[in-house]
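The values are calculated or read from the model by the stated rules, or taken from the named source; none is laboratory data. Here the structure is a predicted model, which means the values were calculated and not measured. Note that we place each Cβ from the backbone using ideal geometry, even for glycine, and neighbour counts take in every protein chain shown.
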Amino acid sequence: MTTGAKVAIGCAAVAMLGIVIVVVGVGGAAWWAKGKVEQVTDEQDRIGALQAQANKNEFRRPADGLLDEARLQKFLDVRRRVYDVYKKYEQDIAARGKKDKADFGDVTTAFGMINEIRLAQAQAQADLGMGDDEYRFLVEQVYKTMWAAEVAKSTGGKSVSEAAGQMYDQAAQAMAKAAEQARQPRAHAERSGSDAAEDAAEEGEEEVEEGAEELRKQADEARARAREMDVPPANIALFHKYEAQIKQYAMSGLEWIGL
């Protein structure tokens, strides 16, 4: 066999080996992908079934936003079960949040993590008879109450709307004092008989008074907007009773997946 023939056979063997590797690689990837798709489909079906079971429990949102202690306890039980899964990934979630780009491993791992957490929540809600409407209401009220409790603590017991209005009221009072002080130059200008000085003093006084009036209007508007953040005093009392658990199960980082 000539040297050229040997080289040709060698090249053909290498090419064939390359084809085999590619085929095996593609086949392996297809098998892996098929397994993942089936796993994800099964998980999604299970989550959907559990959510449907949980949502059979009807819920009417209280007009006054009042929290029921027994339902709050069940909500915290749901959060505890989610937390039991979340804490396995807590450091990973924090690390991923600092990455600018995600690689393929990040995507697959994150997808599995999200599904595991969602499954834990769906199972807990189904077990405890809590539909999505009630769960969302409790999330909203619990964390609104957390904010209102902090405001009350720092303002001597004021509600969010009272605290917001008070800030503008204080500014308006300061502006009113400035308006009073602005009248003194005008009086002096009137006594001096200087028309130019009197006009300038009058203009300054009017600007200050207009500013004070605008702040008073803003105080009323601030109160109106902030009333949406007010909660019943009973909710704040419940928050303090369960504060440690509420804060423990806050699980920052899950808001981006709706949990």
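Scanning segment 43-73 for residues that are loosely packed, with under 11 Cβ neighbours inside 10 Å and in a helix (DSSP H, G or I) turns up D45, A70.
Only one of these conditions is not met by D133: (1) outside the structural domain of R71 (by TED's automatic domain parsing); (2) modelled with pLDDT of 75 or more. Which number is it? Unmet for D133, out of (1) outside the structural domain of R71 (by TED's automatic domain parsing); (2) modelled with pLDDT of 75 or more: (1). Residue-level analysis places K56 outside the set of residues that are over 28 Å from Q248 (Cα atoms), in contact with a Ser or Thr (Cβ under 8 Å, 6 or more places away or on another chain) and either modelled with pLDDT of 55 or more or not aliphatic (A, V, I, L, M) (or both).
Within this structure, A63 passes the test of being within 28 Å of L238 (Cβ to Cβ) and either out of contact with any helix residue (DSSP H, G or I) (no Cβ under 6 Å at 6 or more places or on another chain) or at pLDDT below 95 (or both).
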